[in-house]
Every structure is written in C-alpha cells, then in structure tokens.
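The values are calculated or read from the model by the stated rules, or taken from the named source; none is laboratory data. All figures in this text were calculated on a predicted structure; none of them were measured in a lab. So basically every Cβ, Gly included, is an ideal-geometry build from the backbone, and we count neighbours across all protein chains shown.
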Amino acid sequence: MSTATRERRDEEHGTPRDERTAVVTALRLGWSMADAYHHARTADLTDGGNRPVAAPPKLSNLTELAGWHRLGMYLDGVDVALAQIAPLTPAGRTLPSTAAARRATAADREPLLRALDDLNIDVLRWTMATNHRVGVAYRLGRSLADTVRRGDADRLPGRFGGRHLQISRWLDELASVLPPYSAAVVRRSLAAWATAVGRATVGDPGEAGLADLARELRNQGDLWQDVLTGGLHPRDLLDEENWAVIARNVIIRDRKLVAQAARGIFWPVLAPLLVVLLAVVGVSAAAAAGSPTTRAAVALVGLGAGLTAIWRSISTPTLSVAAEVNRPLLDSELVVQMTARIDRPLTAARSAGRAGRQRRPTDGGSKYVAGVSRIDLP
C-alpha cells in the first residue's frame with residue numbers, strides 16, 4: 001500500500017498523525033474508562049433486554065438509554081480511541097480488547113468490574129509502552145474524571161487531598177502537546193478549587209460550603225475536559241473588559257520594566273557616552289571657523305548625530321529584549337483572565353453560598369418585613 005493511500009485511509013478513519021492528537025485522544029480515553037467503571041458500579045445494568053414493544057414518541061436521548069447500552073457506548077469509545085492511538089505503536093503489538101467486559105453478565109457486577117479493571121491495567125501498560133506522554137495523558141484523563149465525579153460533599157476533601165498536585169505535574173509535563181494555554185489554565189483553575197475546598201473544609205465563613213462546591217464541580221470538570229481536548233479555546237471566552245484589563249496590566253508592567261532598565265543602564269552606560277559626546281561636540285564647535293552662529297550650528301548637528309548613534313546602538317537590542325520579555329508577560333496575563341472565565345462554576349458556587357448565608361426572617365416574622373400571603377404567590 002502506498003504512503004498516500006495509507007494517509008488517506010488514516011484520515012478517513014480519524015487516525016492521528018502526530019503525538020499531539022494521540023495525547024488528546026488518550027486523555028479522552030482515560031476519562032471514558034473512569035466514567036465506564038463508575039457507571040458499571042452505580043447504574044442499573046439489568047434493563048438491557050426490557051425494551052418496550054411500542055415505539056417511543058420521539059427518538060431516544062442519551063440520558064434515556066438503558067444502563068447496559070450506555071456502558072456499551074463507553075466501551076465503543078474505548079475501542080475507537082485505541083484504534084486512533086494504534087499507529088504510534090510498533091508493528092505486531094496487540095491492542096487491548098474490550099471483549100471480556102462485553103461478555104460479563106449483567107446479573108453480577110463483580111465479573112464486570114474485574115473485567116473493566118483488567119482492561120484499565122492493559123490500557124495503562126499499553127499506552128505507557130507506546131509513548132510515555134500518551135500514557136501520562138491517559139492517567140491524567142482518568143484522574144480528572146474521578147476528581148470531578150458527582151458525589152456527597154464529605155468526599156470532596158479527599159479528592160483534593162494531594163491528588164491535584166500530581167495532576168498539576170502531569171499538566172506541566174504535557175503542556176507542550178496539549179492545546180495552547182490549556183494546561184496553564186486548568187492548572188491554575190485546579191489550584192483555585194483546591195484552595196476553595198481547603199477553606200470550606202475548615203469552615204471559612206468567606207468561602208462557599210462543601211455542598212455548593214460539590215454541586216458545581218462536575219460542571220467545572222466538563223469545562224476542563226473541553227479546554228484540554230481542544231473543544232473550547234479559553235481565549236474565545238474573553239470579552240472587551242478582559243482585553244482591557246490585559247492591556248492595562250501589560251502597559252503598567254512594561255512601564256515598570258523600562259524605568260528599572262533605564263536606572264540600571266544610565267550611570268554605567270549612558271552617562272559616560274553623554275560625557276564623551278558633549279566633550280567631542282564642544283571641541284568641534286570650538287575648533288570650527290566662522291561666526292558664533294556657525295559654531296552653534298556645528299554643535300547642534302554634532303549633538304544630534306551623536307544622540308542618534310547612541311539611540312540606534314541601544315534601541316535595537318532593547319527592543320529585541322522587550323519583545324522576548326513581553327511575550328511571557330502577555331501570556332501570564334492571558335492565563336489569569338482566561339482562568340477567571342473558566343472558573344464560572346466556582347464563582348456560581350460562591351454566589352450560592354453567599355445567598356444561602358443571608359439572614360432570613362424567623363417564623364414569627366419581622367416588624368420590618370410584611371409576611372407572605374397566598375395572594376402574593378404566583
């Protein structure tokens with residue numbers, strides 16, 4: 001088979017051509033595996049064959065699928081992701097198979113859960129052997145999915161009891177092969193959530209409660225997944241106000257850097273050059289023949305030429321350095337503003353916490369607030 005034909009076939013089947021695509025696919029794969037295992041533990045898997053005889057009034061939605069069919073959807077996603085990553089593997093290596101999980105009976109969960117865990121181990125070994133960063137991406141997707149899993153509020157401190165530090169290290173390792181800005185934005189957002197959970201655990205009255213945070217955590221996880229897999233570029237969420245803040249902060253920081261640089265080079269560089277220039281101009285003007293006006297003109301021309309030469313010698317490297325310095329400054333400001341936009345679920349949890357802490361009238365009513373009567377209700 002020719003190279004062109006192979007590439008065309010790969011493109012038709014969605015096969016990744018580079019490591020970046022494989023890393024994103026592995027992240028989705030880890031997330032799907034974690035969701036499949038959780039679904040197998042909690043969902044009703046005995047309703048796969050109890051489909052009603054009558055046709056439904058509309059096409060079935062994802063949330064209306066039977067538990068066993070939804071598990072099959074997760075396993076289908078695993079098969080597709082493995083097939084997409086396969087081109088990075090050496091020839092002859094066998095793909096992990098979902099066949100054992102599909103054969104497990106629905107009456108007893110234990111065989112199914114063991115089969116899924118065995119599949120997880122096989123996928124972990126296969127991805128780590130295929131490419132280290134692909135394996136790390138698989139672990140990252142699985143850990144993020146487990147971190148943002150819906151559950152009781154009392155489980156929240158355990159999910160942020162150090163796991164987020166390892167996730168942050170994985171994000172640092174994969175930053176160069178993930179979509180632009182995604183690793184930095186998710187890492188910063190994850191740190192904000194860890195801080196909020198820690199403050200809520202100790203009962204900080206200025207922070208949202210654990211119940212409010214647990215209610216919004218899955219929504220935050222969906223945003224993290226969209227950002228890390230390229231489905232959502234966080235820069236697209238910025239509005240005019242965000243860009244105005246970025247421009248203001250960059251200009252302020254540039255001004256401070258320019259002032260510090262000017263103070264740093266004035267005495268060791270500029271002052272000696274200016275002294276030499278003034279001396280040369282003074283000697284040239286004194287040696288020039290003609291009227292005082294002619295000598296003043298010679299002095300002005302010499303001073304202008306000298307200042308121009310000094311400016312050119314300093315401005316070229318200065319502008320080059322400024323361009324190199326401004327790029328990380330702009331990136332850091334972008335990350336701050338993009339994280340603020342991505343952290344909308346955290347903001348919503350804090351708003352709900354503040355609303356819940358507002359003082360309400362007692363049963364006896366208040367002399368300042370009229371009681372609610374039936375006629376006032378909609």
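Tabulated data for the structure shown
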read-out: Residue check, Trp243 aromatic (Phe, Trp, Tyr) and either surrounded by 16 or more Cβ atoms within 10 Å (Cβ to Cβ) or part of a loop (DSSP other than H, G, I, E, B) (or both); value: no
read-out: Some residue of the range 261-270 being assigned by TED's automatic domain parsing to the domain that holds Arg327, modelled with pLDDT of 65 or more, surrounded by 11 or more Cβ atoms within 10 Å (Cβ to Cβ) and closer than 30 Å to Leu223 by Cβ; value: no
read-out: Criterion: on the phi > 0 side of the Ramachandran plot and not assigned by TED's automatic domain parsing to the domain that holds Ala81 - qualifying residue of Gly221, Gly198, Gly209, Gly203; value: Gly203
read-out: Every residue from the range 78-112 that is among the aliphatic types (A, V, I, L, M) and within 31 Å of the chain's Cα centre (by Cα); value: Val78, Val80, Ala81, Leu82, Ala83, Ile85, Ala86, Leu88, Leu95
read-out: Filter result (touching a Pro at 6+ places or on another chain (Cβ under 9 Å), more than 30 Å from Asp226 (Cα to Cα) and either modelled with pLDDT of 50 or more or buried (at least 18 other Cβ atoms within 10 Å of the Cβ) (or both)) within the range 330-378; value: Arg357
read-out: Matching entry among Gly198, Gly206 (being in contact with a helix residue (DSSP H, G or I) (Cβ under 9 Å, 6 or more places away or on another chain) and without any contact (Cβ under 8 Å) to a residue 12 or more places away in the chain); value: Gly206
read-out: Pairs where the first residue, in the range 168-183, is surrounded by fewer than 16 Cβ atoms within 10 Å (Cβ to Cβ) and the second is assigned to a loop (DSSP other than H, G, I, E, B), C-beta under 9 Å, 6+ apart; value: Pro180/His233
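Per-residue answers, yes or no, for (1) in contact with a Leu (Cβ under 6 Å, 6 or more places away or on another chain); (2) of a type in the set (Phe, Trp, Tyr); (3) modelled with pLDDT under 65; (4) in the same structural domain as Asp122 (by TED's automatic domain parsing):
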position: Thr3; (1), (2), (3), (4): no, no, yes, no
position: Arg17; (1), (2), (3), (4): no, no, yes, yes
position: Thr21; (1), (2), (3), (4): no, no, no, yes
position: Val24; (1), (2), (3), (4): no, no, no, yes
position: Ser32; (1), (2), (3), (4): no, no, no, yes
position: Ala54; (1), (2), (3), (4): no, no, no, no
position: Pro57; (1), (2), (3), (4): no, no, no, no
position: Tyr74; (1), (2), (3), (4): no, yes, no, yes
position: Ala83; (1), (2), (3), (4): no, no, no, yes
